[in-house]
Amino acid sequence: MIKIGIIGCGGIAFGKHLPNLKLLDDVELVAFCDLDVERATKAKDEYGTPDARVYTDYLDLLAEPLDVVHVLTPNNTHATITIAALDHKKHVMCEKPMAKYASEAREMIAAAKRNDKKLTVGYQNRFRSDSMFLKKIAQENQLGHIYLGKAKAIRRRAVPTWGVFLDEEAQGGGPLIDIGTHALDLTLWMMNNYKPKYAVGTTYHELSQTPDAANAWGSWDPTQFTVEDSAFGFVVMENGATIILESSWALNTLDVGEAKTSLYGTKMGADMEQGLRLNGEEYGALYQKNIDFEIGGVDFYDSKGTEPGYLEARAWIDAITMDTPPVVDPYEALIVTEILEAIYTSASTGKPVYFEEDTQ
């Protein structure tokens, strides 16, 4: 049995990690930590073993004989807690984004290497049916050379008003680092291109100061909204490919969609705008294929085993028990963080940000 400790018992813990880990028959949730002892106790009562323990100090949890730790805390604590967990000889699943700053992400990778422990980051959208299908045809070179990718994370009015989402110090940013990170991860993964050359970015605070605004989770407090409401990036890769990244929590648009990628290759194109669509030219004519993932026909089938959160949890534990690389390589997550940081830096300076030449 793999013994797991949870650090951070907030929304992402209850929404993704805890219910999916509970479905695995080869893990035990034996320790829970949160600054709010009531939240940690609630997590223990609902998902823990009968003798599971509760902590308010993560260092006390790390002193326990655990195999794995999930770090599900605000972004500005990811690196500190993850490095401590790795130095305590635990494998670590860190929720996205990997870190607030790229320098911290590099330190996390160094800690994993020196302790010979596995480190991964929570990009569960890779495990969606459309994502896995598109990755397969990209790996088979059916799209040809992918020279343009678009990463889309656009909400019309869905600003998260709980926790520390609106706090720049705690989170490092708004929609770009929160949901843009998922779209960028998908796009880089599909393109299998982790060598950025330079990035240009813009961030906006145009709607954040609107009082009594329409919003999916109730109007936000403009005085607390210290992060951007939308951000956009233009990234050129070392091989000349381009990535365009769009993200927003609040934007006057009807063209919405989260964790979506569009790919433009020499043989075929693909997008996730209306399901997964493939397009190209064949025998002198243009074609479009819509991929159907609704097999249907088995009313009694329990589909919980195909949910992205479950597949992410299953793959992560399998990587530990089988000693194989995790699906989300920490180096790939580092590149995501480097690009996000470059977009923020470009937005604040008004200048492009050039990356050091990749030596990986």
- line: Answer in debye to the nearest 20: the dipole magnitude of the chain about its Cα centre, from +1 Lys/Arg and -1 Asp/Glu charges placed on Cβ, is 560
statement: Taking a crude spin-label model, label points 7 Å out from Cα along the C-beta direction, the GLU273 to LEU59 distance in nm is 5.4
- request: Express the Stokes-Einstein translational diffusion coefficient of the stretch 57-150 in µm² s⁻¹, to the nearest whole number, given a Kirkwood radius over alpha-carbon pairs, 10 °C and a viscosity of 1.306 mPa s.
  value: 106
task: Please work out the FRET efficiency for the pair LYS22 and ALA110, using the Cβ-Cβ distance as r and a Förster radius of 30 Å; give the result to the nearest 0.05.
output: 0.40
For the stretch 183-278, size of Cβ-based charge dipole, Lys and Arg +1, Asp and Glu -1, in debye: 580
Accessible area in square angstrom per residue, the chain, 1.4 angstrom probe: 46
- line: Zone reached by a paramagnetic label modelled 7 Å from TYR147 Cα along Cα→Cβ, restricted to the stretch 237-263 with backbone N below 18 Å, covers 237-244, 262-263
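Provide Rg over Rh for the stretch 30-80; use the alpha carbon set for both Rg and the Kirkwood Rh (inverse mean inverse pair distance).
0.94
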Positive-pole candidate from PRO211, LEU186, PHE133, dipole of the chain, charges at beta carbon: PHE133
field: Dimensionless Rg/Rh of the chain - Kirkwood Rh, Rg from C-alpha atoms
entry: 0.97
message: Please give the Cα centre distance for the stretch 86-103 versus the stretch 1-58, rounded to the nearest Å.
response: 18
- request: Specify which residue in the list ILE244, LEU23, PRO74 is farthest towards the positive end of the charge dipole of the chain, using unit charges on the beta carbon of Lys, Arg (+1) and Asp, Glu (-1), about the Cα centre.
  value: ILE244
Kirkwood hydrodynamic radius (C-alpha pairs) into Stokes-Einstein, the stretch 1-94, 37 °C and 0.692 mPa s, D in µm²/s: 259
Among beta bridges that DSSP assigns inside the chain, antiparallel share in %, nearest 5: 55
task: Using the Cα centre as the reference, give the magnitude of the dipole from point charges on the C-beta atoms of the stretch 1-149 (Lys, Arg: +1; Asp, Glu: -1; all else neutral), rounded to the nearest 20 debye.
output: 620
message: I'd like to know which of MET98, HIS88, GLY144 lies farthest towards the positive end of the charge dipole of the stretch 80-147, counting +1 on Cβ of Lys and Arg and -1 on Cβ of Asp and Glu.
response: HIS88
message: To make sure I understand the rule: partners must be lysines, Cα under 19 Å from the Cα of LYS89, and not fewer than 8 residues away in the same chain. Which ones qualify?
response: LYS3, LYS113, LYS117, LYS118
- prompt: Once the Cα atoms of the stretch 138-233 are picked out, what are the Rg and Dmax in Å?
  reply: 16.1, 50
- line: Share of accessible surface on carbon and sulfur in the chain, whole %, 1.4 Å probe and ligands ignored, is 50
- request: Kindly write out, for the stretch 103-119 in residue order, the coupling ³J(HN,Hα) from the Karplus curve 6.51 cos²θ - 1.76 cosθ + 1.60 (θ = phi - 60°), rounded to whole Hz, with x marking Gly and Pro.
  value: 4, 5, 4, 5, 5, 5, 5, 4, 5, 5, 5, 5, 9, 6, 10, 7, 9
Lysines whose Cα lies under 25 Å from that of LYS150, excluding same-chain neighbours fewer than 8 positions away: LYS96, LYS100, LYS135, LYS136, LYS195, LYS197, LYS260, LYS267, LYS289, LYS351
statement: Probe 1.4 Å, all chains present, heavy atoms only: ARG314 accessible area in Å², nearest 10, is 50
field: Gained length - ASP51 relative to LEU35, 0.36 nm times residue gap less alpha-carbon distance
entry: 3.7 nm
query: So what J values fall out for the stretch 272-281 if you push phi through Karplus, 6.51 cos²θ - 1.76 cosθ + 1.60 with θ = phi - 60°, rounded to Hz, Gly and Pro as x?
result: 10, 6, 9, x, 8, 10, 10, 8, x, 10
query: Given C-alpha coordinates of the stretch 206-267, what is the ratio Rg to Rh with the Kirkwood estimate of Rh?
result: 1.11
query: Distance from the Cα centre of the stretch 61-82 to that of the stretch 222-277, in angstrom?
result: 30
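The values are calculated or read from the model by the stated rules, or taken from the named source; none is laboratory data. Worth saying up front: this structure is predicted, and the values here are computed from it rather than measured. Every residue, glycine as well, gets a Cβ built from its backbone with ideal geometry; the counts of neighbours run over all protein chains shown. For the accessible areas, the whole protein counts, side chains as well, though only heavy atoms, and no ligand, DNA or RNA atoms are used. Shrake-Rupley method; radii C 1.70, N 1.55, O 1.52, S 1.80 Å.
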